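Computed from the coordinates by the stated procedures, all read-outs in this text should not be read as laboratory data. Keep in mind that what you see is a predicted model, and the values were worked out from it rather than measured. FYI the Cβ positions are ideal-geometry reconstructions off the backbone, even for glycines, and counts take in every protein chain you see.
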Amino acid sequence: MGRPKALLPIDGVRFIEKIVTSLRLTRVGRIMVVLGHNAEQMRQKINDLQVDLVINPDYKQGQLSSLAAAIRSIEAGNDTEPVDGILVHLVDHPYINADLVNLMIDRFYETRKLIVVPRYRDRRGHPVIFSKALFGELLAAPLDQGAKAVVRAHRDDTLEIETNDEGAIIDIDTPEEYRTHVEKKMRAD
């Protein structure tokens, strides 16, 4: 992208701010942001969000290393609140729906499935909930396969929630995708 995705403007705020604001409207207990490349500079630029920051020194190893850093932080923490799972959301998926997240959380507890994922028109999206029971497997998963290896290993324990929210699958990785999904929307508004 040429600059940090977390800081890209969307709807008058930064990607990360839009995501955190949406998560604050949900029943998510604790919001953690994992920082990797230029972590200290990013910390300074998002310090106003008042979230728990986790530094991933192994960020060059990919997304799974960031998830592992978050899990290790949870496991090392002294929180009095029990942790039942982790809701994973990527910064390049800025369209997050608080109602969908709450539905996913409700269904996670109702069904006791190990993984809960939204599905839009036959495509799995984000965020994804992983049960605490999978933390060990996520930490041991092959870096080149990421969390998908754990998801594949637990097909029968995965709940897919159908949604009409296209935001669940919008992934903005390139300037072209940014123009398609964000700038086009800004011009329409």
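The label-point distance for ASN102 and ARG121, in a model that sets each label 7 Å from Cα toward Cβ, rounds to 2.7 nm.
Among the listed pairs LYS18/LYS45; LYS60/LYS113; LYS18/LYS113; LYS45/LYS132, a Cα-Cα separation exceeding 26 Å is found for LYS60/LYS113; LYS18/LYS113; LYS45/LYS132.
Please report the antiparallel percentage of DSSP beta bridges with both residues in the chain, rounded to the nearest 5.
Details: 10 of 19 bridges.
Counting DSSP beta bridges with both partners in the chain, the antiparallel share is about 55 percent.
Note on ASP52/THR111: beta-carbon distance plugged into 1/(1 + (r/R0)^6) with R0 of 30 Å gives a FRET efficiency of 0.60. Note on ASP173 and VAL83: the extension gain reaches 29.3 nm, defined as 0.36 nm multiplied by sequence separation minus the Cα-Cα distance.
Over the chain, the reciprocal of the mean inverse Cα-Cα separation, the Kirkwood hydrodynamic radius, stands at 17.2 Å.
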